[in-house]
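The block underneath contains the structure these notes are about, expressed in structure tokens.
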């Protein structure tokens, strides 16, 4: 385990690394640590369109979810609104590099440091990506990654926390020391999930694992409860050779993204295609009807095109009463019109051609 931590320290050029059971566990641990450093602050500002696991972790940490609308062309914060909503009550801001698209971390750092607000990079979908020559996750005060299913690299589940701050690392270390370990039953279950997905990840075969309810594939869930545990030896073993695999995965994702950008240029608009190892390529369609039509055709033919998060954060049933009826128009637009194209390394030329045909004809 120590060797793996050392490998991550070297790769991300950071001083401190902590390995835990999942990405959402990583965020919950970070939030607990930061709150111990600033106990009078309880608000965590996040984009109004992001993974439901992010507010899940905030709630688990006993903190308050605060939202800022997004720019629907970049999926980053709308910075005109961002400057209006950050204040001295906010503990931290959690920008997300959604789909692997880097958020404007320098801008966020500059605005937050003036108010004593921590910056926590959510790099669950962007491991290995860069921002102005620095690895994502190492630009803010602290960053976290997910090693879960469908990410740039996976061992079935798992999370990584990185920071260069001795103060933050000390607080995280205290939280990490309290963690228990995954039980044998949990470990075997995770191993079984990895084996199933490694066999059936190809879009044309995805119907099989997606039909197994315990995998929860394609579901967006607000987790009321989830374990925060240490990283297991099994997870560490499945990461053997992770750096070579990550670089190869991201190289292929870039190539596939470049292909789709070129082939669909006359039909769709993409964001900064050439340099991003997209986890999936996001497409904002003209309306919900077109989105549903294209998804239905894709699902029937096994093209691997998928939805993302079904609602903005303020419409999650379990926490919607926290926002006093506020709405976030750009986040709502994205939730209503977004489809995503797969970019992983098992896509064949025929798969890419069929996906492009669908969008060009549709």
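Here are some notes:
- Residue check, residue 124 at pLDDT 95 or above, part of a loop (DSSP other than H, G, I, E, B), in the same structural domain as residue 84 (by TED's automatic domain parsing) and under 19 Å from residue 220 (Cα atoms): yes
- Each residue in the range 141-159 was checked for being outside any loop (DSSP other than H, G, I, E, B) and either in contact with a helix residue (DSSP H, G or I) (Cβ under 6 Å, 6 or more places away or on another chain) or at pLDDT below 95 (or both), and 4 pass.
- Looking only at the range 102-117, and only at residues there that are part of a loop (DSSP other than H, G, I, E, B) and more than 30 Å from residue 257 (Cα to Cα), the one that is nearest to the chain's Cα centre (by Cα): 117
- Filter pass, residue 274 being at pLDDT below 90 and out of contact with any helix residue (DSSP H, G or I) (no Cβ under 8 Å at 6 or more places or on another chain): no
- Candidate set from the range 224-237 (those that are surrounded by 14 or more Cβ atoms within 10 Å (Cβ to Cβ) and modelled with pLDDT under 85); member that is farthest from residue 19 (Cα to Cα): 234
- Residue in the range 235-242 that is touching a helix residue (DSSP H, G or I) at 6+ places or on another chain (Cβ under 6 Å) and either within 30 Å of residue 180 (Cα to Cα) or in the same structural domain as residue 148 (by TED's automatic domain parsing) (or both) present: yes
- Of the residues making up the range 277-292, one or more are under 23 Å from residue 150 (Cα atoms) and out of contact with any helix residue (DSSP H, G or I) (no Cβ under 8 Å at 6 or more places or on another chain).
The values are calculated or read from the model by the stated rules, or taken from the named source; none is laboratory data. Treat the numbers as computed from the prediction; the structure is a model and nothing was measured. Note that each Cβ is placed from the backbone with ideal geometry, even for glycine, and that neighbours are counted across all protein chains shown.
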